[in-house]
Protein chains: 2
Amino acid sequence: MTDLARFSINQMTVKQLSLPELANACAELGIDKVGLWRDPVQTYGLDATAKLVRDAGLTVTTLCRGGFFTAIDPAERTAALADNRRAIDEAATLGTDTLVLVSGGLPAGSKDLHGARERIADALGELGPYAEQHGVRLAIEPLHPMYASDRCVVSTLAQALDIAERFPAHQVGVAVDTYHIWWDDDAPAQIARAGAGGRIHTFQLADWTTPLPEGVLNGRGQIGDGAIDMREWKRYVEDAGYTGAIEVELFNDHLWARDGRELLAETAARFVEHAIR
Amino acid sequence: MTDLARFSINQMTVKQLSLPELANACAELGIDKVGLWRDPVQTYGLDATAKLVRDAGLTVTTLCRGGFFTAIDPAERTAALADNRRAIDEAATLGTDTLVLVSGGLPAGSKDLHGARERIADALGELGPYAEQHGVRLAIEPLHPMYASDRCVVSTLAQALDIAERFPAHQVGVAVDTYHIWWDDDAPAQIARAGAGGRIHTFQLADWTTPLPEGVLNGRGQIGDGAIDMREWKRYVEDAGYTGAIEVELFNDHLWARDGRELLAETAARFVEHAIR
């Protein structure tokens, strides 16, 4: 097994690369797995992307992202469910078994976190069977608590599992991302809980660096640049039975300003240095 | 009991006011409690501040802040302990029974959250008896997880209580601040735990507004402007037996740019509107 055998590059990490550029760079560097995002896939074309990755021998480890389930307005809610069905269709077409969900924040004017979390569970009850029919698993991603109001009211693995466990594991599990959970001393126990239930549907890495940028979206640090011990978290998911791909997913304005192929090579090297060797 | 009977204005909320201006504005508005910070107190003079608040009939509800206990270097550690003894002395001189602690982040290059948390406990073992001798209680403030690397490795009330409960409650308790814990569905249970142990040493309010500013320090929202249901959190601490002062503590560049007296009046009115009536 090579050092990169489990490495998957999330497309967003090197979003300056077009899909063909990404496929070529992966071939040159010996990378055979990618995580994709719906927007650039739709821009390039869904069927064209499916053909491109198939011809390049790339495995699509996840599609990001479905979700945004917290609307109260019935029309918004119906639209969100329809959009998530399309996301499931797209995942199936791309040949990935995992759709990552960013569940949504508080609706404007609402202060009701509990109600928003319940609406997420309601939506999953409708989408889970549809996903199963298409061979796709839904992965609830708990996002760091700094996103709780405007992006994702699911802030911890415990909260994500409390929702996921209402459904069969082959329908709904969780995404374990170091960036969102590294501060949480309960997370190792929750990873064990997720693993025991067969619910770790993806494992993603990003490092925690400060100062955080305005809006706190695009400050995910290169592996090794920050506060997170990647080997420790890799050990937790492996001890919980996870043997799947490990995706590196960074959003970072400074990294995006660099040459994409060079950044991809650096990211693969950092993965090996900080998570494998 | 008037609407402002439990209201305390944390000095940082209106840092554009000098201490005499703050005392005058409090008198005009019927506010009789303040939370103070060490830096402006030292600038005005410790004894002068003690006289000022005494003459104005103001109760000092807390002094912010001690802490920064996570250094590994022995000289830094000794200096931190000495500085915290001075903070306890200052609290006693100002007549407050509560010193709020911001415990410190990861030392440069360290990724060991657990070790940092243990060093906080070690420091409290040394400082607790000293604080007791001076009639001062130490309040561990869990800070939002977005500060875990650079400011405070204690990110939840559960973590704060796990440390505090190693010591007598009259030596070490916790600070409950809505801004830091509002996202945490375990926090209500932890407030009950803290109350049962007599460890809620202060209760502070700030609202959660987005987008967060760069560095995420000065984005604490005016009461009522954000996502937090203040009545709900007030009910949790009251159900846990807390009957003390309620401090409003905001750090916000936009609020600091305004007239300080007007901001104080607005803050008191918002407190009444969103937490009392």
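The values are calculated or read from the model by the stated rules, or taken from the named source; none is laboratory data. Bear in mind that the values here come from a model prediction, so they are computed numbers and not experimental data. Neighbour counts run over all protein chains shown; Cβ positions are idealised from the backbone, glycine included. The accessibility values were calculated without ligands, DNA or RNA, using every heavy atom of the protein model including side chains. Shrake-Rupley method; radii C 1.70, N 1.55, O 1.52, S 1.80 Å.
What number, in percent, do you get for the relative contact order of chain B if the mean sequence gap of Cα pairs under 8 Å and at least 6 apart is divided by its residue count?
Once divided by the residue count of chain B, the mean separation gives 20 percent.
One decimal, nm, shortest first: give the distances between the label point of B:A257 and those of the same position in the other copies, each label point 7 Å from Cα along Cα→Cβ.
2.4
Just the accessible area for A:H114, please: 1.4 Å probe, Å², rounded to the nearest 10?
Number for this one is 130 Å².
Cα centroid distance between the range A:1-60 and the range A:127-193, in Å?
Spelled out, the Cα-based centre of one part sits 24 Å from the other.
For the range B:110-125, state which residues have at least 50 Å² less accessible area in the presence of all protein chains than in their chain by itself, taking the probe as 1.4 Å and leaving out ligands, DNA and RNA.
By number: B:K111.
Compute accessible area for the range B:214-230 by itself and then with all protein chains, 1.4 Å probe, and report residues whose area falls by 40 Å² or more.
Relative to the lone chain, where solvent access is computed with a 1.4 Å probe, the range B:214-230 loses at least 40 Å² at B:E214, B:A227.
Accessible area per residue for chain A in Å², computed with a 1.4 Å probe and the full protein assembly in place, what is it?
Here the residues of chain A average 37 Å² of exposed surface.
Distances in nm, one decimal, shortest first, from B:L81 to the same residue in every other copy, taking the label point 7 angstrom along Cα→Cβ.
Those label-point separations list as 6.3 nm.
Does the range B:113-173 come out rounded, prolate or oblate, given a ≥ b ≥ c as the square roots of the eigenvalues of its C-alpha gyration tensor, rounded meaning a/c under 1.5 and, failing that, prolate meaning a/b above b/c?
Values: a/c = 2.14, a/b = 1.89, b/c = 1.14.
In terms of gyration-tensor shape, prolate.
Would you pull out the residues with amide H under 5 Å of B:D32's amide H, same chain only if 5 or more places away, H placed 1.01 Å from N?
Amide H to amide H, under 5 Å and 5 or more residues apart or across chains, B:D32 pairs with nothing.
Along the range B:143-148, what does the Karplus equation 6.51 cos²θ - 1.76 cosθ + 1.60 (θ = phi - 60°) give for ³J(HN,Hα), rounded to whole Hz, x for Gly and Pro?
9, 3, x, 5, 9, 4
Kindly count the pairs of lysines across the protein assembly as shown whose alpha carbons are less than 16 Å apart, treating pairs on different chains or eight or more residues apart as eligible.
6
Just to be sure I understand the model, the point goes 7 Å from the Cα along the line to the Cβ. What's the resulting A:R258 to B:A48 distance in nm?
It works out to 5.1 nm between the two label points.
Quick one: in the protein assembly as shown, what % of C-alpha pairs are over 31 Å apart?
Values: 76920 of 153181 pairs.
That tail contains 50 percent of the Cα-Cα pairs.
Of all accessible surface on chain B at a 1.4 Å probe, what whole percent is carbon and sulfur?
50 percent
Provide an ascending nm list, one decimal, of label-point separations from B:V272 to the equivalent residue in each further copy; define each label point as 7 Å from Cα along Cα→Cβ.
6.8
Please list the non-local residues whose amide H lies under 5 Å from the amide H of B:V172, H modeled 1.01 Å from N, same-chain partners needing a gap of 5 or more.
B:L138
From the helices alone, meaning DSSP H stretches of at least four residues, give me the mean residue ellipticity at 222 nm for chain B, per-run term -39500 (n - 2.57), in deg cm²/dmol to the nearest 500. Kindly include the intermediate steps, with their values, before the conclusion.
On the way: 11 runs with 118 residues, N = 277.
The helix-only estimate for chain B comes to -13000 deg cm²/dmol at 222 nm.
Hey, in the GNM for chain A with a 10 angstrom Cα cutoff, which one of A:I88, A:I120, A:I223 fluctuates hardest?
Highest fluctuation among the options: A:I120.
List every residue whose amide H lies under 5 Å from the amide H of A:G215, counting only residues 5 or more places away in sequence or on a different chain, with H placed 1.01 Å from N in the peptide plane.
B:L212, B:E214
Output ³J(HN,Hα) for the range B:257-273: one whole-Hz value per residue in order, computed from phi by the Karplus curve 6.51 cos²θ - 1.76 cosθ + 1.60 with θ = phi - 60°, and x for Gly and Pro.
Once rounded to whole Hz, the list reads 7, 8, 5, x, 5, 4, 5, 4, 4, 5, 5, 5, 5, 5, 4, 5, 5.
Count charges around A:A265 for me, please; just the other residues with Cβ under 14 Å from its Cβ, Lys/Arg as +1, Asp/Glu as -1.
Details: positive: A:R258, A:R261, A:R270; negative: A:D3, A:E21, A:E28, A:D259, A:E262, A:E266, A:E273.
After counting each charged neighbour, the total is -4.
Which value, in square angstrom to the nearest 100, describes the accessible area buried between chains A and B on both sides, using a 1.4 angstrom probe?
2300 Å²
Can you pull the one-decimal nm distance between simple spin-label points at A:E165 and B:E165, each 7 Å off the Cα toward Cβ?
Here the answer is 2.1 nm between the modelled labels.
Put A:H180, A:H274 in order of accessible area, largest first, 1.4 Å probe: what do you get?
Ranking A:H180, A:H274 by accessible area, largest first, yields A:H274, A:H180.
Which of A:W256, A:W233, A:W208 ends up with the largest GNM mean-square fluctuation for chain A, with Cα atoms connected below 10 Å?
Among A:W256, A:W233, A:W208, the largest mean-square fluctuation in the Gaussian network model of chain A belongs to A:W256.
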